[in-house]
Each structure stands twice: as C-alpha cells, then as structure tokens.
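In what follows, a single structure is set out as structure tokens and then discussed.
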Amino acid sequence: MIHVYIQPHTHPVKLKGSNLLLCYGYRYALLWRRLSEDLVNTTMPQQPWIQVEISSVCQAGCIDCNRQRTQWPDYDWTDQSTADWRINAGITGVRSHYPVDQWHQHVSQWRELRSVQFCGNVGDPMAHPHISDCVASVIQQHRHCSVDISTNGALGRLEQWDRLAHMGITVTFAVDGLEDTNHIYRRGVEWSRIRQRMTRFIEQGGSAEWCWVDFPWNRHQIDHARELAHSWGFRGFEVRSRYTATDQFDAHIVRVSQQPVSRESHPPTGPNPHHQHQHSDRVRQQWSQGLTVRPQCVPQDDTVAHRHPAHHINADGTVWPCCWMACVPFHHSLHEQWWYAQVIDQVGTTWNSLNHHHIDDIIDSLGWQMITDQSWHTDPQRSHTASSICLQHCGQCVTTSDS
Ligand code: SF4
Ligand code: SF4
C-alpha cells in the first residue's frame, strides 16, 4: 500500500459529495469508492465490510509507510543529515502472519459480510504464505461477499497466485511506475517479480486492476502504462493523485530511494508526559482551524443498518473503526500514541482483540466509545481526550462545508 500525503478518497459510509481526505492506505481507495457508489445506488440495508492486515510482513521500504521510521522519537524526516529509515519497532507483531485457523474463526463472527479487502497499513497480504487459504475462509463462510487483495505485486509463491486466479476475486496491483521508476517510492520492490506475478495471475484468468500513484518521476509514463495495462489484460488502470504532495518531500523520497531497505529496527521509543502537551496543542490547533469531526465510520444515512459498518483488523487480531485508527498504537507521532495510552490505562491492552472478545462485544465496549464517540467533542477543558487522528482525517470545517 501507500501512505500519508498520497490519496484523496471518499469513504463507503458517506454519500457522494463528501470531503476528500488524506489516506494512509491507497489500497483502500478503490474498494471505498465502489462501496460509496453502492450506498448511493441502493436503499437496501448494508452488511458490514472489513479490511484485514492478514500479514504485517513486507519487503518494501516506502518511507511514507508507518512501517518505516527515522531514529527520532517523533516523526521527523526533515533533518536530512540524520534521517535514518528503519523498521518501526513499535509495530506489534511486525513480522507476523495471521494464523489461518484463527482467521477462520474470527471471520465467522461477522454474520453476513459484504466485502473483505486484504490490505494493511504496514504489511502486504501476499507476504502471507497461506493467503489463498485465508481467502477461501471468507468465501466459504460469506457466500455473497466480494474479496479484493491489494499488493505491491512482487511477493507470494506462484502457486498461491495460481490458486487465487481461480477464486473469483480481484487483485489490485499497487505499482507506481515502470521498470525504471516504480522502485523510487517503492524501495525494494523488484520489477521482474512484479511482472512474473502479474503475468501468471492474468494468464490463469485472474481479475487484475492496476493502481498507480502519480509522482513527478512517473507522470510522463502514465499514457504508456495505461496502454501496457490494456495489452497485459488488466481490467482497469487508475491514476491516483496525492493530496498534500510537496517538492520537499518528493526530493526526500528520491534521495532515500538510493538507500537499501534496512531490516533493522531502532530501539523502541514510547510516549512520555511531554507528548501530552504536544497532543493538546495539536488538537487546539486543529480546532482553531475550525475543524470538527464528521466521522466517516458512522453512516450518514439511516438506510445503513450498522452504526459501525466498516472495521479494520490488524495482524495481531485487534479491531479498529478504520485504517487510520488502526495505526495509533505504533503511530509515527508519539503524541498520538500518548493519546491512546490513556485509553489503554482504562480498558487494558486486550479490549479490542478478537483473541479475547467477540466482535459484537468489542463494538459495544468502553474502549470503542473512547476512540470514537467520546473523542469527537470540542470541549477545551478536555482537549487531552480528543482524537487528533479523527480531526486530521475526518475533520471538516463547518463554515466552509456549509457555505
Ligand atoms: S508496500 Fe510495504 S512498505 Fe510500501 S506502503 Fe505497502 S506495506 Fe508499506
Ligand atoms: S479517523 Fe476517526 S472519525 Fe474518521 S473513520 Fe477513523 S475513527 Fe472514524
């Protein structure tokens, strides 16, 4: 997947015309758009849908990914002299795969799933050695559920690709360039391995889409890539724009592209009391910009049967209301982690784990309320409990949007 600064999209539980947002995972964008359209085009109550990070393993070193971080306790890539990108040590189970039997049991807890997307914030689903078994679990238990896998395209044994090609699913290849450019952002992703897997999957009858993020270094190749996609048998080719691209960050991506992907982690760092002030300052700053949370994890339409119809599951079995919130335990910014540490203090670390609780109990829990409804207030006396993640991703300026 691709991360921060990349992607505007609309969320499935909002209707057309909703605001455009930053997105941590552009793997989600296609699915979310499709589901948004579905919501507009039907009056039927909606079944829930989930995204799952079935593996937290990835070979790549995209520096906008929460998988990567610099040695600084707070996310600071601007110090060019010292920026040393390594694996984020804060990620729980950073090199783990969801056990297949556990996944089978967990996904059975949803009664009638509408859609499952295998994606992830810090891992690639095709890194899972038994990804096709995980997909089969969904198909067996949710007969009317659509399945989509988003991948950088260069991982997975070929026999897994063969099997997936016959399962009636869609694979979205997140490939942002051709042989000479894709690796600039997607460090460590080998072109020959992508081509081998694209070819194999499509030749076996698999349904493939190509999702391309527009960068200055790949822009001149878009028309050619679109033609290639057509001739190679892709069903779709989509170019995605970045929302907050800057020349400074682009230059940094190009500089870091020369470095090999580190397999090492920095020593883990956690939040400290200093981050409480940082957090409150950040929230007040967002409020001062006129932002209030218009939650996209809550339907804006009463035809939707479920109050929280979309869930994100991490590779450790924890459930979250969205992919953005799913990163909070290991977020680049330690003030976000500080905010979540306050929640953990009250509800414990296993409150949202499917290994300990049923999905229905998780959604009814105090922890869920604390990271959703209870964090969307605008009370200056309680700025420390407001979620700056929600303000950042679902904040809307009321005066602007209403005018
Ligand atoms: S390909 Fe891997 S490193 Fe790159 S954004 Fe996706 S999960 Fe992160
Ligand atoms: S960022 Fe917050 S408000 Fe937005 S979808 Fe996620 S939990 Fe809901």
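The values are calculated or read from the model by the stated rules, or taken from the named source; none is laboratory data. Remember, it's a predicted structure, so these values are computed and weren't measured experimentally. Cβ: placed from backbone, ideal geometry, glycine included. Neighbour counts: every protein chain shown.
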Within the range 362-395, residues away from ligand 2 (no atom under 11 Å from the Cβ) and among the acidic types (Asp, Glu) come out as Asp364, Asp379
Original post:
Can Ser387 be described as in contact (Cβ under 8 Å) with a residue 60 or more places away in the chain and either of a type in the set (Gly, Ala, Ser) or within 16 Å of ligand 1 (Cβ to nearest atom) (or both)?
Top reply: yes
The lone condition Asp162 fails out of (1) touching a residue at least 40 places away in the same chain (Cβ under 8 Å); (2) part of a loop (DSSP other than H, G, I, E, B); (3) more than 30 Å from Gln68 (Cβ to Cβ) is (2)
Going through (1) closer than 30 Å to Gly205 by Cα; (2) surrounded by 14 or more Cβ atoms within 10 Å (Cβ to Cβ) one by one, Asp250 fails only at (1)
Criterion first (surrounded by 14 or more Cβ atoms within 10 Å (Cβ to Cβ), β-branched (Val, Ile, Thr) and over 17 Å from Gln369 (Cα atoms)) does Val261 satisfy it? yes
Residue set Val398, Val347; condition free of Cβ contacts under 8 Å to residues at least 40 places away in the same chain and over 20 Å from the mean Cα position of the chain (by Cα); output residue Val347
**OP:** Go through the residues of the range 101-109 one by one and say whether even a single one is modelled with pLDDT under 70, in a loop (DSSP other than H, G, I, E, B) and either more than 16 Å from ligand 2 (Cβ to nearest atom) or closer than 21 Å to Ile253 by Cα (or both).
**Re:** no
Taking the range 165-184 and the residues there that are among the aliphatic types (A, V, I, L, M) and either over 24 Å from the mean Cα position of the chain (by Cα) or surrounded by fewer than 23 Cβ atoms within 10 Å (Cβ to Cβ) (or both), the one that is farthest from His142 (Cα to Cα) would be Ile184
When restricted to His377, His357, the only residue closer than 25 Å to Arg284 by Cβ, more than 16 Å from ligand 1 (Cβ to nearest atom) and surrounded by 15 or more Cβ atoms within 10 Å (Cβ to Cβ) is His377
| query | Going by the conditions given, is Gly290 within 30 Å of Cys134 (Cα to Cα) and small (Gly, Ala, Ser)? | reply | no
### Task
Inspect the range 272-282 for any residue being under 30 Å from Ala386 (Cβ atoms) and of a type in the set (Asp, Glu) and give the result as yes or no.
yes
Only one of Val138, Val122, Val116 is within 16 Å of ligand 1 (Cβ to nearest atom) and among the β-branched types (Val, Ile, Thr), namely Val122
Counting only residues that are among the acidic types (Asp, Glu) and modelled with pLDDT of 70 or more, the range 43-78 contains a total of 2
Do we have Arg187 as within 14 Å of ligand 1 (Cβ to nearest atom), among the charged types (D, E, K, R) and crowded, with 18+ Cβ neighbours inside 10 Å here? yes
Per the list (1) of a type in the set (Gly, Ala, Ser); (2) under 19 Å from Ser55 (Cα atoms); (3) part of a loop (DSSP other than H, G, I, E, B), residue check on Ser150 breaks on (3)
Check your understanding: Would a scan of the range 114-131 turn up a residue that is surrounded by fewer than 23 Cβ atoms within 10 Å (Cβ to Cβ), touching a His at 6+ places or on another chain (Cβ under 6 Å) and either at pLDDT 85 or above or not in a loop (DSSP other than H, G, I, E, B) (or both)?
Key -> no
Considering the range 305-332, residues that are modelled with pLDDT under 85 and more than 14 Å from ligand 2 (Cβ to nearest atom), and then whichever is surrounded by the fewest Cβ atoms within 10 Å (Cβ to Cβ), we arrive at Ala305
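Each row is one residue, and each column tells you yes or no for (1) among the charged types (D, E, K, R); (2) in a loop (DSSP other than H, G, I, E, B); (3) within 12 Å of Ile63 (Cα to Cα).
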{"position": "Tyr243", "(1), (2), (3)": "no, yes, no"}
{"position": "His252", "(1), (2), (3)": "no, no, yes"}
{"position": "Gln259", "(1), (2), (3)": "no, yes, yes"}
{"position": "Arg263", "(1), (2), (3)": "yes, yes, no"}
{"position": "Pro268", "(1), (2), (3)": "no, yes, no"}
Here the qualifying pairs (Cβ atoms under 8 Å; residues six or more apart or on different chains; first in the range 262-288 and over 22 Å from Ile91 (Cβ atoms); second among the acidic types (Asp, Glu)) come out as none
